Amino acid sequence: MNLHIKQVAQKLHTTSRTIRYYEEKGLIKPEKSHNDYRIFREEQIQLLQTILSLREIGMSTNQIKNTMENGQELDHHLNHQRSILYSDLLELKDMIGALDEMIASPSGDLFEKAKFLKELKEKRQAWTDRWSFDQQAVTYNVDLKKEGYAFNVHEGYDEALERAYQLIDASVGETGVDIGIGTGNLGSRFLEKGSRIIGIDQSDEMLAICKSHYPEIDTRHGHFLRLPVMDHSADFITTSYALHHVEEQDKILALEEMNRILKPFGRLVIADLMFDDDEERARVLQAFKNQGNENAIEAIEDEYYADRSRLVSNLENLGFQVDCNKINDILHIVFAEKKG
Ligand SMILES: C[S@@+](CC[C@H](N)C(=O)[O-])C[C@H]1O[C@@H](n2cnc3c(N)ncnc32)[C@H](O)[C@@H]1O
């Protein structure tokens, strides 16, 4: 079916002007008839429909152009766009929260509140991947089984994941969110229980591998400090070997995000590298020093192992009942249940 510009505009509920604009931007290339009228064949009409749909979900014309020119999968861009929209949503919620406070106490320090808001916005955006997880993705599952490192952070890995799995005790129809899902080693276990799993990661490559192994997992590009999940929609949350990439002072924000998406009575398991407290951290580091194990000290200092006591008291302040256990000096499991 060949249509003229007005017919296409009518069919797609848009205007001829909009269509000409996308043509000027090089997004579509309609054929021209001998008398210079634009002719739209089915393929161009479908392309235009896609462009209009992507504009509707907030993608800019330039983003759409890049998507088309780079030949990247549409899925990839939709996933990133979702991440951006959730980020905008959170920013709006933060702003409304601050505004409400300003209205409630107009005599309060407006500037202080605005400053807090600005810092929060920056924190949610600032995290960068210093560890290049995209590059680790392909060999991740093989590397974590390798023996013989002077410092093996993955000692106890299988046990930690198994305990996390048991503690969550998932059931059919529940929605679970695995944050920093990586290649899917923990999140995928809940599929056999009939749970629906949303896997969040900041690394596209990790997500791609996870998806290729477990197509049923709903993989989402996202971040601890801005989770691409609606409020109170998760029955349980798991995270293994990931939270220690979030700076200590930002962990509270990560816990608040988990609290935001978790339903009342929801469960949370954090299986991660951490210390009981600052004192224990000093003791373990000293022990490595005495052994002359500089690799261990360097590795620990390059990341943000939590202070478990702080993690627990932050969770309790958020209204969780918390239970902990320890697999070895640096590997702990924190299980928390949200009170109603
Ligand atoms: C060491 S891997 C652990 C993967 C998996 N959870 C496991 O236990 O095998 C850490 C994962 O967390 C992700 N990650 C690190 N920091 C993150 C952040 N701030 N937000 C979301 N994902 C993050 C990384 O991209 C990586 O896939």
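The values are calculated or read from the model by the stated rules, or taken from the named source; none is laboratory data. Computed from a predicted model, the values in this text were never measured in an experiment. Every residue, glycine among them, receives a Cβ derived from its backbone with ideal geometry; neighbour counts consider all protein chains shown. Only protein heavy atoms, including side chains, enter the accessible area calculation; ligands, DNA and RNA are left aside. Shrake-Rupley method; radii C 1.70, N 1.55, O 1.52, S 1.80 Å.
Put the Cα centre of the range 101-152 next to the Cα centre of the range 39-83 and the gap is 29 Å. Relative contact order of the range 33-185: 12 percent, from C-alpha pairs under 8 Å at least 6 residues apart in sequence. Mind checking which of ILE300, ILE237, ILE200 has the largest fluctuation in a GNM of the chain, springs on alpha carbons under 10 Å? The residue with the greatest mean-square fluctuation here is ILE300.
Carbon-plus-sulfur accessible fraction, the range 66-116 (probe radius 1.4 Å, protein heavy atoms only): 61%. Solvent-accessible area of the range 258-304 (1.4 angstrom probe, protein heavy atoms only): carbon and sulfur portion equals 47 percent.
The sum of -39500 (n - 2.57) across all DSSP H runs of n ≥ 4, divided by the residue count of the chain, sets its helix-only mean residue ellipticity at 222 nm to -14500 deg cm²/dmol.
Rounded to the nearest 5, the antiparallel percentage of DSSP beta bridges internal to the chain is 50%. Ranked from largest to smallest solvent-accessible area, with a 1.4 Å probe on the protein heavy atoms, THR139, THR238 come out as THR139, THR238. Here the Gaussian network model covers the chain, with springs between Cα atoms less than 10 Å apart; of ILE181, ILE197, ILE297, ILE297 fluctuates the most.
Extending 7 Å from the Cα toward the beta-carbon at both GLU56 and LEU99 defines two label points whose distance is 2.7 nm. When the surface is traced with a 1.4 Å probe over the full set of protein chains, TYR21 keeps roughly 90 Å² accessible. The residues of the chain present an accessible area of 53 Å² per residue when probed at 1.4 Å with all protein chains retained. Partner lysines whose Cα lies under 20 Å from the Cα of LYS338, excluding those fewer than 8 positions away in the same chain, are identified as LYS251, LYS263.
For the range 1-68, the relative contact order works out to 32 percent when only alpha carbon pairs closer than 8 Å and six or more residues apart are counted.
For the set MET1, MET95, MET102, the ranking by accessible area, highest first and with no ligand, DNA or RNA atoms included, is MET1, MET95, MET102 under a 1.4 Å probe. Separation of the range 215-279 and the range 192-207, taken as the distance between their Cα centroids, equals 13 angstrom. For LYS32, the lysines whose Cα comes closer than 26 Å to its Cα, not counting residues fewer than 8 places off in the same chain, are LYS6, LYS11, LYS65.
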